[in-house]
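S.K.: Pasting a structure here, questions to come.
Just so it is clear, none of the values below were taken in a lab; they were calculated from the coordinates. The model shown is predicted, which means the values in this text are computed figures rather than measured ones. Glycine also receives a Cβ, built like all others from the backbone with ideal geometry; neighbour counts cover every protein chain displayed.
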Amino acid sequence: MDIRFNCPRCEQHLAVEEKGAGMMVNCPSCNESIELPRGSASTPPPPASPPPPSPPPSVPLVLAVKQTHSPRHFGQFFASLFQMNLFGLLLVVGFASLAFAEDFKAVNGKEYKDATVSRVEPDGIVLKTKSGITKIYFSELSKDVQERFHYNSARAAQFDAAQQAIATQQDAAKQQEQQQQQQRRADEIKKNIRTVREVEAINQDFLIKRSC
């Protein structure tokens, strides 16, 4: 009859003959020296399996909803929506004021009837009338018109200086282009004159050889 037992070191299930009871042997699993139990041993119950790992704690749905849609977020959302609507309203009012036809009168008495403001620049406004497009400088308009279009003399001076610098650069580039064109025409004339002279020399040589 076999003796069945578990290794006291590694809990490996073993079986040996009954006549080997009390002997010292090495466990075939852990190679540790163990003493065989004396007498018959009942089959030990298999080791209990470890309990399954507990699932991670779940976050309550109500907490997640509160974190995602907090009153602070709703406040930020409505504040952003209000700012967007306000900005759009200001744009509509601004464009409406620009597109509305009205009369303008300069300080020298000149009037512009049924004029539409097509563009506002730092130094003046561009009006569109039946006779065409005209720019009136703020210095030619009354103070209330200047305040209406937020005229600033320092900003206007900077704008004028920038416009003059651009105009100077454009004039310099235009003059340089004209000089290059003149130089190309002069080079072409010289080339044509040289070609004519070469043809005349060839013809002269031909006539001399023919007369000989």
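S.K.: Which whole-Hz ³J(HN,Hα) couplings does region 192-197 yield from phi under the Karplus relation 6.51 cos²θ - 1.76 cosθ + 1.60, θ = phi - 60°, glycine and proline marked x?
M.R.: Calculated HN-Hα couplings, in order: 5, 5, 5, 5, 5, 5 Hz.
S.K.: For K135, list the lysines whose Cα falls under 30 Å from its own Cα; do not include residues on the same chain fewer than 8 positions away.
M.R.: Partners within reach: K105, K110, K113, K143, K174.
S.K.: Find out how many positive minus negative residues lie around G124, taking Lys and Arg as positive, Asp and Glu as negative, among other residues whose Cβ is under 9 Å from that of G124.
M.R.: Numbers: positive: K135; negative: E121, D123, E140.
Taking every other residue near G124 into account, the sum is -2.
S.K.: Quick one: which residues, 5 or more positions from I3 or on another chain, have an amide H under 5 Å from its amide H? H modelled 1.01 Å from N in the peptide plane, none for Pro or chain starts.
M.R.: Result for I3 returns V16, E17, E18.
S.K.: While we're on this one: Sequence-distant or interchain residues sharing an amide H contact under 5 Å with A115, placed H: which?
M.R.: Correct list: E102, D103, F104.
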